Amino acid sequence: AAIRSQSERLAPDGALLAFAWPRGPWSQLPLASARAGGRWRVAAEMTLGRASWGMRQGPSGLISLLFCVQLGEVHVAKSGRWFGQEERFVSLAEYDALHPRYEGEPVRQDEVLILVMASRSLDQRAALVEQSWADTKVHRIFLVDDWLESVPREKQWRSMAAERGEQHKGGSGPVDASYWDAQGRQLEYMRTFPQLSDEHSGVKWVMLADDDTWVHMRRVLTFVENYDPAVPVFFTYVLSDAHVLGYDYPCGGSGMLLSATAYEMLAPRLLSPACPLLSFNDLTLGFCAHSQGIPIIHHPNMHCSPDVNRAMRPAENLLDIQKGLAVHRLPAFPHFAQLLGTLEQLQNQFGALMEHGCKLAARSREADRGLVLDSRRFFWTVDAFEDIVKACRAGAPQTPRGGALHLDFVFFGGGVPVARYQKDRRTPLVAEPRMHGARWPDWLEQARSLECAGGHGDSFAAQWLDSKPRISRRQLEASDLEQMAAESDLSVEEIRASFANLERGVDRGSWISELKRAVRRMKPKEATKVGPGRQWLFLSFAPSTTFVNVFESVRMLRAVSDLYRSDAGENPSASDARSVVDLSAEDAPPLGLAYEYFDYHVEHDAGLWLNRVAMERILRCPALNHPLVFDQGAHANDWDTESERLSLLWHNALAIDIFRTLRFCGVLVLHTPRMIPHSLAYLPYSTYRRTHAPSVLSAMTIGNVPAREQMFAMTQLVRRRACQLQRQLNASKAPLCPAEWRPPFRMRVLGVPTSPAFTERNWYLPGARFLGMSVLAFRSEHFLPDAQAV
């Protein structure tokens, strides 16, 4: 009775209330009731720790801690209100699976509008981005605090409030007032022009960007051709449970791409009680999009940070953004113009390939005479590979594609990451990866749910090798040991002694010898009933720290495999490592997917994918004795102790050897930016047990994962999302994936020494946490992992 009366007083709209009784050091919450249609029901039973939450006992024996959870049973589009049930992002792969591809007219340049938040104090940034778009007809408006000298006046907009000298008061503290004013400028423009036809007739897509965001217009145009502008949708990089806990919202710096319909749904409501300014423009737009039922889609090629060095090496790797739509802070680089020039040179390989009839070869007479392109000098990304194949075929008819995939996983059980890479993330009382016992990685559990990857009948097998990956003695003896020693502050004797220890630990040979033995032990290709282009092997060089998102990997491998015929007939590209590869042919070429660092090496911490054609080539490839050549910049070795420098030396040597072996054996290695060498660079918004979900879902592999807890958390995340998607796609059929129980709400913590200010205004603020009569919202430009963990 007391609970019921208190519930009706505090939450008359049907909130879920739960009280904790103090019973020992751990307290259970067995009483959880909700009012729905006049009836009461038990909703859940939860457990909390007294110490971790700082509970205190009240005079009536109750712990003064109250949980209130707003039930989201009313559809958000009908109510126009925001609920915790709706604060969920959607990945681009999930959205594409749920929505058929749009078959409309190609989008013209003048049908795209870009609104750039600019400032007179940073006039040079606006000049740089305007210059990068000089050859396009895209509409662009710079939203300024004062008129810019570097941009034509007709491309600028200044609000009436700015003319009067007024500024938005979006925040407080030491931040300059002009920063808060800039946060409301895009919103004010949208509010001023709620209908695109008022000012920009014919515009179908709108991009919101900062003046330090580089937007590749041609790629944006190509991307939006696949989507209907009449459907409300919002593409961006999603910050999930990051700066605001319990909330998913867009990163404004990565760009925010809105369909015309989404723009016109949001614009009239901005800066009003329905969508108030919540300190930041991106946070406000995210809140408003959620309240209107507009899906926010995480796009992996819209970068919230200058994501051009996932290898954590000294220089930028521009292959990471070959298919990038937008990159935050790139114009702030001092050599921004040179970076764009390098990107254009990479793109020029496409023309060179077409001039050679789409034919490539390694170490062949045709390549020596210039009749085909040397595959060892060809660098391309897996995301752009389909563009090349389609251009090479020039609209020729295709044989039927599709079918099952067969995956083989091979683990070097003795492989461990370089120790120093883990020290920055070391946590007391958490075992380092090198201390873990040999065991199958947690992520392999995903393979048991392969039906959640689409129900194509995919299969898998796995092998564990009790050895450590290393180079061969042949390569070592062919190298200049004195130079290697000098560059690593070691002696030749120390290098030889260290290699002798490696040989004693791996007496069966180098990594390539172990790989050949593993391939020969695999199930015969006739038994897999799939063609060589649909059989893939994953080579894990450090099983304890390399995470594989099997579902995203299968999606990408299927997309590549579907470019070629799927039967199990003979493949001419597999018979000889030096034979010419024709990308326009129906037979699958020898392909490898890896993270390449320029033309220096392969980052093996992220693993390596090879199709069966590439495996057959490697089996027929003669032994190589090329010398190992280290680059002073890319392979700098100045670590503190001798053992650390030796570890990094062999790490770099293996990376170089893998790269050169694959290239010289005629394997076309496609750079795969979503095979991440270092979790430290890729998961900045994560804790050990709470990883940044959008980043994990869009990655194929992640290397140097610092803890098994994080590996397990990522495994559970991707499996749950894959099964959830499959249940949506097969709603009318028996579910392929079992549904896991989880409460249909998110929880807000309320302290109750007095009645909380439980008003609608306070409740719907994203990230809100009630403490007594106060509302707290965690938001910081500098992420604090400890705060998120709490």
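The values are calculated or read from the model by the stated rules, or taken from the named source; none is laboratory data. The structure displayed is predicted, hence computed values, not measured ones. Neighbour counts are summed over all protein chains in view; Cβ atoms, including those assigned to glycine, are modelled from backbone coordinates with ideal geometry. Note: accessible area is taken over every heavy atom of the protein model, side chains too, but ligands, DNA and RNA are not part of it. Shrake-Rupley method; radii C 1.70, N 1.55, O 1.52, S 1.80 Å.
Assorted remarks:
- Within segment 134-159, tally of residues that are assigned to a helix (DSSP H, G or I) and closer than 19 Å to residue 201 by Cα: 2
- Residue in segment 206-227 that is over 24 Å from residue 135 (Cβ atoms) and out of contact with any Asp or Glu (no Cβ under 8 Å at 6 or more places or on another chain) present: yes
- Contacts under 6 angstrom Cβ, first residue in segment 119-133 being outside any helix (DSSP H, G or I), partner of a type outside the set (A, V, I, L, M), 6 or more apart: 119/145
- Within segment 444-482, restricting attention to residues that are among the charged types (D, E, K, R) and within 26 Å of the chain's Cα centre (by Cα), the residue that is farthest from residue 530 (Cα to Cα) is 445.
Per-residue answers, yes or no, for (1) assigned to a helix (DSSP H, G or I); (2) among the charged types (D, E, K, R); (3) over 30 Å from residue 711 (Cα atoms):
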site	(1), (2), (3)
610	no, no, no
615	yes, no, no
618	yes, no, yes
622	no, no, yes
626	no, no, yes
630	no, no, yes
645	yes, yes, no
666	no, no, yes
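- Test result for residue 654, part of a strand (DSSP E or B) and within 30 Å of the chain's Cα centre (by Cα): no
- Every residue from segment 572-627 that is among the hydrophobic types (A, V, I, L, M, F, W, C), on the phi < 0 side of the Ramachandran plot, touching a residue at least 60 places away in the same chain (Cβ under 8 Å) and open to solvent by 10 Å² or more (accessible area, probe 1.4 Å): 580, 619, 623, 624
- Consider segment 346-365 and keep the residues that are open to solvent by less than 40 Å² (accessible area, probe 1.4 Å) and part of a strand (DSSP E or B). The one that is farthest from residue 578 (Cα to Cα) is 360.
- Yes/no for residue 390 being within 24 Å of residue 114 (Cα to Cα), open to solvent by 20 Å² or more (accessible area, probe 1.4 Å) and not small (Gly, Ala, Ser): no
- Members of segment 455-475 that are in a loop (DSSP other than H, G, I, E, B) and farther than 19 Å from residue 414 by Cβ: 455, 456, 457, 458
- You will find that of 504, 520, the residue that is free of Cβ contacts under 8 Å to residues at least 40 places away in the same chain, part of a helix (DSSP H, G or I), surrounded by fewer than 18 Cβ atoms within 10 Å (Cβ to Cβ) and out of contact with any Pro (no Cβ under 6 Å at 6 or more places or on another chain) is 504 and no other.
- In segment 649-668 there is no residue matching the filter, namely being open to solvent by less than 40 Å² (accessible area, probe 1.4 Å), among the basic types (Lys, Arg) and either touching a Cys at 6+ places or on another chain (Cβ under 6 Å) or farther than 21 Å from residue 509 by Cβ (or both).
- Among the criteria (1) touching a residue at least 60 places away in the same chain (Cβ under 8 Å); (2) out of contact with any Gly (no Cβ under 9 Å at 6 or more places or on another chain); (3) open to solvent by less than 30 Å² (accessible area, probe 1.4 Å); (4) among the polar types (S, T, N, Q), the one residue 701 does not fulfil is (2).
- Note on segment 683-703: among residues that are of a type in the set (S, T, N, Q) and more than 9 Å from the chain's Cα centre (by Cα), the one that is modelled with the highest pLDDT is 701.
- If only residues of segment 196-208 that are in a loop (DSSP other than H, G, I, E, B) and modelled with pLDDT under 95 are counted, the one that is surrounded by the fewest Cβ atoms within 10 Å (Cβ to Cβ) is 201.
- Residues of segment 166-195 that are modelled with pLDDT of 55 or more, open to solvent by less than 60 Å² (accessible area, probe 1.4 Å) and part of a loop (DSSP other than H, G, I, E, B): 184, 193, 194.
- With respect to the conditions (1) over 30 Å from residue 384 (Cα atoms); (2) crowded, with 22+ Cβ neighbours inside 10 Å, residue 239 lacks only one, and its number is (1).
- Some residue of segment 427-443 being buried (at least 18 other Cβ atoms within 10 Å of the Cβ), modelled with pLDDT of 75 or more, over 25 Å from the mean Cα position of the chain (by Cα) and not in a loop (DSSP other than H, G, I, E, B): no
- Verdict on residue 534 being open to solvent by less than 20 Å² (accessible area, probe 1.4 Å), of a type outside the set (A, V, I, L, M), under 37 Å from the mean Cα position of the chain (by Cα) and closer than 30 Å to residue 587 by Cα: yes
- Filter result for residue 313 (open to solvent by less than 30 Å² (accessible area, probe 1.4 Å), out of contact with any Asp or Glu (no Cβ under 8 Å at 6 or more places or on another chain) and either modelled with pLDDT under 90 or charged (D, E, K, R) (or both)): yes
- Within the option set 577, 497, 568, 585, being over 21 Å from residue 446 (Cα atoms), modelled with pLDDT of 95 or more and outside any strand (DSSP E or B) holds for one residue only, 497.
- Boolean, residue 591 is modelled with pLDDT of 95 or more and more than 27 Å from residue 505 (Cβ to Cβ): yes
- Single residue of segment 263-282 satisfying the filter (touching a residue at least 40 places away in the same chain (Cβ under 8 Å) and open to solvent by less than 10 Å² (accessible area, probe 1.4 Å)) that is farthest from residue 325 (Cα to Cα): 270
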